[in-house]
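**Q** Below are the structure tokens for one structure; questions will follow.
The values are calculated or read from the model by the stated rules, or taken from the named source; none is laboratory data. As the structure is a prediction and not an experimental result, all values here were calculated from the model. Please note: Cβ atoms are built from the backbone with ideal geometry, for glycine as well, and neighbour counts cover all protein chains shown.
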Amino acid sequence: MDPAALRPYRLAAAPTRRRMSLVARVYGYPPDHNAGSEWMLHSMLRPLAERGHDVTVWLSHPGKTEKRYEIDGVRVVPFQEGLDFAAQAAEADVLLSHFENVPVLAGLARDRRIPLAVICHDNFATSFHNAAGADLVVYNSEWIRRDGEIFYARYPREFLPRNSIVVRPPVLADEYRTQPGEAATLVNLNTDKAANCSGRSPPGPPNGTSSASAAPMASRSCPHHACPTARSSTAFPGSRCATTSTPAPA
């Protein structure tokens, strides 16, 4: 018999409508950390908070914000105030993580017999390996789930993820919608995302301008100096697209 099936999880007999406590442990979080993985995570957590569940995100890396804050009902605890993370996580109904924080949270989940959910944003072997044995693996696309299934084919059954689901990164269109105008906006311009625009003008109206936003995690951002009509902006939350303007080109 699968040993994992014998774990007496607290959620097993719980009513489906009761308030749950979810604790996430991640590297960074909006609005200071604006990478796609973090916004995908937030877009999945905020509906849980809206339904009345207790959702808290604990950061594992120091950031600009040093005090606790709340965004869309999700409470965020900066690294600087996270000394009691282990004690608080031990009382959670569900633990959630992605990337480098998964092994630590997986150990805590096993020790405290708390269900663990892991988000796989990529098809790296390390991501799949760390998610092995999780109670729920959330893949962000069908092709990543396919690669995950191929990877886990070599694992004994007791180490496989117990459940999996595909959740494509949610986008709240109303928060990104802007007024039609004479400009096109290019987001996440870096060569790691195949956006090598060096020496090219951004697509858009012939006499219009373009705004460009570089991702905060970009290691090789595309140069904008070769595009005389482009306006460059540092990264900002997508929910500010409708109200944020970029400076006019020099």
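**Q** Is there any pair with a first residue in the range 89-103 that is not assigned by TED's automatic domain parsing to the domain that holds GLU38 and a second that is surrounded by fewer than 18 Cβ atoms within 10 Å (Cβ to Cβ) whose Cβ atoms are under 6 Å apart and which are 6 or more apart or on different chains, and what are they?
**A** Filtered contacts from the range 89-103: no entries.
**Q** Here is a follow-up. Need pairs with beta-carbon distance below 7 Å; first residue farther than 11 Å from VAL138 by Cβ and within the range 161-181, second among the hydroxyl-bearing types (Ser, Thr, Tyr) and modelled with pLDDT under 90; sequence gap 6+ or separate chains.
**A** Close Cβ pairs satisfying both conditions: GLU175/SER239.
**Q** Where in the range 1-84 are there strands (runs of 3 or more DSSP E), lying wholly inside it, with at least 2 residues that are at pLDDT 95 or above and under 26 Å from LEU160 (Cα atoms)?
**A** Output list reads 21-26.
Yes/no matrix, rows are residues, columns are (1) charged (D, E, K, R); (2) surrounded by 15 or more Cβ atoms within 10 Å (Cβ to Cβ); (3) assigned by TED's automatic domain parsing to the domain that holds SER127:
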site: ASP32; (1), (2), (3): yes, yes, yes
site: HIS42; (1), (2), (3): no, yes, yes
site: ARG46; (1), (2), (3): yes, yes, yes
site: GLU50; (1), (2), (3): yes, no, yes
site: LEU59; (1), (2), (3): no, yes, yes
site: GLY63; (1), (2), (3): no, yes, yes
site: ASP84; (1), (2), (3): yes, no, yes
site: ALA87; (1), (2), (3): no, no, yes
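**Q** Another question, then. Condition first: among the hydrophobic types (A, V, I, L, M, F, W, C) and touching a residue at least 40 places away in the same chain (Cβ under 8 Å). Now tell me which residues in the range 119-137 satisfy that.
**A** Residue satisfying the conditions is ILE119 alone.
**Q** Within the range 126-135, is even one residue of a type in the set (S, T, N, Q), in the same structural domain as LEU41 (by TED's automatic domain parsing) and closer than 24 Å to LEU48 by Cα? Reasoning before the result, please.
**A** First, pick out the residues of the range 126-135 that are of a type in the set (S, T, N, Q): 126-127, 130.
Pick out the ones that are also in the same structural domain as LEU41 (by TED's automatic domain parsing) and you get 126-127, 130.
Filter once more, keeping what is closer than 24 Å to LEU48 by Cα: none.
No: zero hits.
**Q** Here is a further query. If you go through the range 145-176 one residue at a time, how many are assigned to a helix (DSSP H, G or I) and touching an Asp or Glu at 6+ places or on another chain (Cβ under 7 Å)?
**A** Adding up the residues that qualify gives 2.
**Q** Tell me, yes or no, whether the range 211-228 has at least one residue that is at pLDDT below 65, of a type in the set (S, T, N, Q), over 21 Å from the mean Cα position of the chain (by Cα) and part of a strand (DSSP E or B).
**A** The answer is yes, given that some residue of the range 211-228 is at pLDDT below 65, of a type in the set (S, T, N, Q), over 21 Å from the mean Cα position of the chain (by Cα) and part of a strand (DSSP E or B).
**Q** Determine the pairs where a residue that is among the β-branched types (Val, Ile, Thr), located within the range 21-43, has a partner that is part of a loop (DSSP other than H, G, I, E, B) with Cβ atoms under 7 Å apart, the partner being 6 or more residues away or on another chain.
**A** Pairs found: VAL23/ALA92; VAL26/SER60.
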